[in-house]
1. Nearest 10 degrees, 0 to 90: what angle lies between the long axis of helix B:205-224 and the longest principal axis of chain B (Cα atoms)?
2. Give the shape of the range B:21-136 as rounded, prolate or oblate, defined through the alpha-carbon gyration tensor: a ≥ b ≥ c are the square roots of its eigenvalues, a/c under 1.5 means rounded, and otherwise the shape is prolate if a/b is larger than b/c and oblate if not.
3. Using helices alone, what [θ] at 222 nm do you get for chain A, with -39,500 (n - 2.57) per DSSP H run of 4 or more residues, divided over all residues and rounded to the nearest 500?
4. In peptide B:159-168, how many Cβ atoms from other protein chains are near each Cβ within 10 Å, on average?
5. Quick one: helix B:286-295 against the long Cα principal axis of chain B, what's the angle to the nearest 10°, folded into 0 to 90?
6. Determine the calculated [θ] at 222 nm for chain B from helices alone, applying -39500 (n - 2.57) to every DSSP H run no shorter than 4 residues and normalising by the residue count; nearest 500 deg cm²/dmol.
7. With the cut-off at 1.5 for a/c, could you classify the range B:238-388 from its C-alpha gyration tensor as rounded, prolate or oblate?
8. So which lysines can B:Lys367 reach, going by Cα to Cα under 30 Å and dropping same-chain residues fewer than 8 places off?
Amino acid sequence: MNALRMHPDDSVAVLVRDLAPGDPVLLAEGEEPVTLARQAIPYGHKVALRPIRAGEPVIKYGERMGIATADIEPGEHVHVHNVRGLKPEERGVAVNG
Amino acid sequence: MAEPEFMGYRRADGTVGVRNHVVVMNSVAEAATIVQRIADAAAGVVPVVHHHGYAQFPEDREQTLRTLAGNAANPNVAAALFVGLGGEQETALELAERVRARGRTAHALILEEAPSVAAFVEEAAAWLRRQLAEAESIPRMPAKVSELIVGLECGGSDAWSGVTANPALGVASDIIVGYGGTVILSETTEAIGAEHILAARAISPQVAKAFLDIIAAYENRMLATGTDIRSANPSPGNVKGGLTTLDEKSLGCIKKGGSTPLMEVVRYADRPKERGLVFMDTPGYDVDSVTGMTAGGAQIVVFTTGRGSPTGSPIAPVIKVSTNSRIYRRMPQHIDVDAGVILEGKGTLESVGREIFDQVLAVANGKPAAAELFGHKEFSIWRLAETI
């Protein structure tokens, strides 16, 4: 096990170990790898578990944690270089107005 | 599954305590040391010391009274003595009256009216000793998880808070709510960025609006001081640690509350009327937040920490959950449950969540939490305005 998926619907997992390119992403002991890391990704950071197209929401905790700003392949590092936060109108509720 | 029971102290207002404290509180800051002397003179009494109560704007005076009375009426308290000075004597008297109006035991003594300080301390200690003797005669009786209110808190967070301890606590919250109990999610500032998620889970449009209103009010107060939480988060340190968006950071915080519907939104220090997941409007500052939740009737607080925060409470056991095993190994004295095992593949969110729930039951039955063993009794009230 080297990655944690917080919710079954999630498109990303959090790494608990540093991964090198080609390392398997393992969500549980004894299970087949979900995918292989496409680059070096530090622990605490996120890896894509399935393809996420530009403009699609990124799902963590079963919720939308951001929007992909580029196409993301399984095994890719998912972070500020390919994800942005939700805009107020994308949240579905207004707070300040 | 049969609802698990615990053995608690039944109170006249129908609530159940997990502790049987007799407390002495100052009504104003000037009486803080006198309160400590009184507690020293009556072994077994819990001093509750704070630095508020005088020279406050009306909104702060009301919040102070609500917080002190709420804590004195917490189910864990068998009896409370308020100590006042004189010039503001109505404060101590009003506090005792508010607690008695809830069917609970309280008394007020005013220093100015005493023949000497020594006589005053002895009079106060004598009243407290009588209350201790009465409290000792209260037996523990069977009670249900549905009678528990559990406060949820995080303090000294780290990169793993949103990955291990907070979601595991969310699993425990869902178990408690599943049995008909109540959990209080707090820290309004920390929910900014995930307010739409909780609002969407609100039981009614009114509850959703109440929640969005407290978020907007807090955010606007911060903006008025030039602080923009949305732009400042995630912080550069957060991003380095792997957090990408504010949404993600705030989700990691509100995960403590689990996944059940949001039933009610309450003011700071107010007691929830509903059962289930409740949100209390509090600052992110952990001591203010815990004090507000114990004023709201929380008999137990569960507190996640990545840095080994020692925060305790004079009113309720504070159960600590570490987010990583390193801090657990360094400070086992401060920590009750280690959620860091999830990172090492030795546990899951489910198994640690179950362990937290089991710990809540054990502590409800009388097992001391780590913070109690060390006598940690932090207590402070959310201040709204400046001092007059």
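Readers should treat all values here as calculations from the given coordinates under stated rules, not as data from a laboratory. Source: prediction; values computed, not measured. Glycine gets a Cβ as well: all are built from the backbone with ideal geometry, and neighbour counts include every protein chain shown.
1. 80
2. On the way: a/c = 1.78, a/b = 1.16, b/c = 1.54.
Oblate.
3. Values: 1 runs with 4 residues, N = 97.
It lands at -500 deg cm²/dmol.
4. For peptide B:159-168, the averaged partner shielding equals 3.
5. The two axes meet at around 60 degrees.
6. My calculation for chain B gives -12000 deg cm²/dmol from helical runs alone.
7. Details: a/c = 1.41, a/b = 1.21, b/c = 1.16.
In terms of gyration-tensor shape, rounded.
8. Correct list for B:Lys367: B:Lys144, B:Lys255, B:Lys256, B:Lys273, B:Lys320, B:Lys346, B:Lys377.
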